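Notes follow once the structure below has been shown.
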Amino acid sequence: MNDSADPRILGLLAILVGILIVIYPILVGYVVGIALVAYGLLKIFT
């Protein structure tokens, strides 16, 4: 996997996440929590 990403893509992603946090703060919290649990489980089992 390539660790270097295009700064424009990261900036666009940051803007989209920021907008979602402003509009749907509870939904973003759930999504981040689910993503962290999934990431943790993947790291444990690999």
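The values are calculated or read from the model by the stated rules, or taken from the named source; none is laboratory data. None of these values were measured; they are calculated from a predicted model. Using ideal geometry, Cβ is built from the backbone for each residue, glycine included, and neighbour counts are taken over all protein chains shown.
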(request) Go through (1) part of a helix (DSSP H, G or I); (2) at pLDDT below 90; (3) loosely packed, with under 10 Cβ neighbours inside 10 Å and name the single condition residue 2 misses. (result) (1)
(request) Within the range 20-46, count every residue that is among the aliphatic types (A, V, I, L, M), more than 11 Å from the chain's Cα centre (by Cα) and surrounded by 10 or more Cβ atoms within 10 Å (Cβ to Cβ). (result) 6
